[in-house]
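Beneath this line is the structure, given in structure tokens, with notes to follow.
The values are calculated or read from the model by the stated rules, or taken from the named source; none is laboratory data. Because the structure is a prediction, the values reported are computed rather than measured. Here the Cβ positions follow ideal geometry from the backbone for every residue, glycine too, while neighbour counts run over all protein chains shown.
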Amino acid sequence: MARPAWLTAPNPRVLDWSLLLGVGFVLATGIVSLFSGRPSRAWVFLTHGLGGLVLAGLVGLKLRRVRHRVAGARQSAVIALSVLLAVVTLAALTSGVAWVFGASLDLGPWGLLNLHIGLGLVVAALLVVHLRSRFRLPSRSDFEGRRTALRYTALVVAGAATYRAQTAVNSALETAGSERRFTGSREEGSDDGNGFPVTSWVADDPGPVDRTEWSLSVDGAVADPLEFDYEELGGDERRAVLDCTSGWYSEHDWQGVSVASLLDAANPDAEARWVSFRSVTGYRWSLPIEEARDALLATHVDGDRLTHGHGFPVRLVAPGRRGFQWVKWVEEVRIKRRRDHSERVAIFVSGVR
Ligand SMILES: Nc1nc2c(c(=O)[nH]1)N[C@H]1C(S)=C(S)[C@@H](COP(=O)(O)O)O[C@H]1N2
Ligand SMILES: [Mo]
């Protein structure tokens, strides 16, 4: 009996291009996911997972095609690199699947999700080198029309079915993976004051801030620059979820002063567009001014004064933003006409001094 079209091996060049597109897709959605904290972006996380499963299928087909070549070949740098690429790709896919099923890993300041991100970036780097020796443009004749379409439809359907099965298995087994937020993060210490994880990613680790020497300044593109002592900050409350890209989230009532009231007091210029929140360490992040009005500078969490690790005296609470944007140990709110692009570097190097 003849095999159905979708079971036969795909054209090599079409497969290779699909792999390239597949890696590009999961890389792009993976990177975008790190900046997404609103439920309206749930599709980014969903398609990242689906894309990963389809990619796993493609890698399987590719390995089936090249296995003889690898086994029979003389050792060469090109082959060694290809093998390394395959191994790292499988490791990246495996780490993602393991996370979904509730696995954890303790790598000091990092966890399984950080490893997953790291492996993904290594795949991208190795792929660039791999393409330097392997890049070929496809020709029209490589596409076998209906066959190719069928085969890929089958692959995507299989990916979606696997994804559905995963959800069912996870909730049946009640794994740690079954209670994930749409971002993939798992709950830790919600509504329990300071009892949630302390994370300073990369290397930000300042000494305790003395609040008698500390003050909060509100300056930049404003008519009335201001300075506040710790005791002057309070009166507002906001419930919000802190969701760290390392894979946990925590929901709390945060108390402090709303950024809207600070802005109203300082009178931003008509051209003011961004608000930059700056830590004593140099770490900083900015929000568009309209969104900033919805944020809070918190002194307390669930009624308890913030501990040093959580950013005492003051930390940013930015609803709908990922944890790395919730700047701790804030000492300055700078209103700006343009976005401060150096913040993208500052969050990596602020602790390295
Ligand atoms: N100044 C400063 N703020 C920071 C960080 C940092 O390293 N330095 N880490 C961010 C990250 S990655 C997260 S997830 C949250 C964690 O807040 P927590 O330690 O209170 O849980 O703080 C954010 N604010
Ligand atoms: Mo984080």
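Computed quantities for the displayed model
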quantity: From the options ARG69, ARG65, residue that is touching a Leu at 6+ places or on another chain (Cβ under 9 Å), of a type in the set (D, E, K, R) and in a helix (DSSP H, G or I); calculated: ARG65
quantity: Whichever residue in the range 199-214 is closer than 24 Å to GLU237 by Cβ and modelled with pLDDT under 95 and, among such residues, is nearest to ligand 2 (Cβ to nearest atom); calculated: THR199
quantity: Which listed residue, of ARG273, ARG321, ARG344, ARG293, is within 16 Å of ligand 2 (Cβ to nearest atom), charged (D, E, K, R) and surrounded by fewer than 19 Cβ atoms within 10 Å (Cβ to Cβ); calculated: ARG344
quantity: Test: residue in the range 278-285 that is more than 16 Å from ligand 2 (Cβ to nearest atom), of a type outside the set (Gly, Ala, Ser), in contact with a helix residue (DSSP H, G or I) (Cβ under 7 Å, 6 or more places away or on another chain) and farther than 23 Å from GLY195 by Cα; calculated: no
quantity: HIS300, sole failed condition from (1) away from ligand 2 (no atom under 16 Å from the Cβ); (2) under 23 Å from ALA221 (Cα atoms); (3) more than 22 Å from the chain's Cα centre (by Cα); calculated: (2)
quantity: Subset of the range 153-199 (residues that are assigned to a loop (DSSP other than H, G, I, E, B) and farther than 30 Å from GLN255 by Cα); calculated: GLU174, THR175
quantity: Residue tally, condition in a helix (DSSP H, G or I), small (Gly, Ala, Ser) and surrounded by 15 or more Cβ atoms within 10 Å (Cβ to Cβ), over the range 22-62; calculated: 8
quantity: Qualifying residue in the range 243-260 (condition: surrounded by 20 or more Cβ atoms within 10 Å (Cβ to Cβ), among the acidic types (Asp, Glu) and within 16 Å of ligand 1 (Cβ to nearest atom)); calculated: yes
quantity: Residue list for the range 185-213, restricted to those being more than 14 Å from ligand 1 (Cβ to nearest atom) and not basic (Lys, Arg); calculated: ASP191, ASP210, THR212, GLU213
quantity: Cross-chain or 6+ apart pairs with Cβ under 6 Å, the range 26-43 first and at positive phi, then loosely packed, with under 15 Cβ neighbours inside 10 Å and at pLDDT below 95; calculated: none
quantity: Filtered residue count, the range 305-318, keeping only those that are crowded, with 17+ Cβ neighbours inside 10 Å, near ligand 1 (Cβ under 8 Å from one of its atoms) and outside any loop (DSSP other than H, G, I, E, B); calculated: 3
quantity: Matching option when the condition is at pLDDT 95 or above and within 9 Å of ligand 1 (Cβ to nearest atom), among ARG322, ARG293; calculated: ARG322
quantity: Wholly within the range 226-304, strands (runs of 3 or more DSSP E) carrying at least 2 residues that are within 16 Å of ILE335 (Cα to Cα); calculated: 226-228, 274-279, 284-288, 296-301
quantity: Odd one out for ALA165, checked against (1) more than 16 Å from ligand 2 (Cβ to nearest atom); (2) over 19 Å from VAL327 (Cβ atoms); (3) in contact (Cβ under 8 Å) with a residue 40 or more places away in the chain; (4) of a type outside the set (Asp, Glu); calculated: (3)
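So that you can scan it fast, the table gives a plain yes or no per residue for (1) surrounded by 12 or more Cβ atoms within 10 Å (Cβ to Cβ); (2) within 16 Å of ligand 2 (Cβ to nearest atom):
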{"position": "HIS130", "(1), (2)": "yes, no"}
{"position": "PRO138", "(1), (2)": "yes, no"}
{"position": "ARG146", "(1), (2)": "no, no"}
{"position": "VAL157", "(1), (2)": "yes, no"}
{"position": "PHE196", "(1), (2)": "yes, yes"}
{"position": "PRO225", "(1), (2)": "yes, no"}
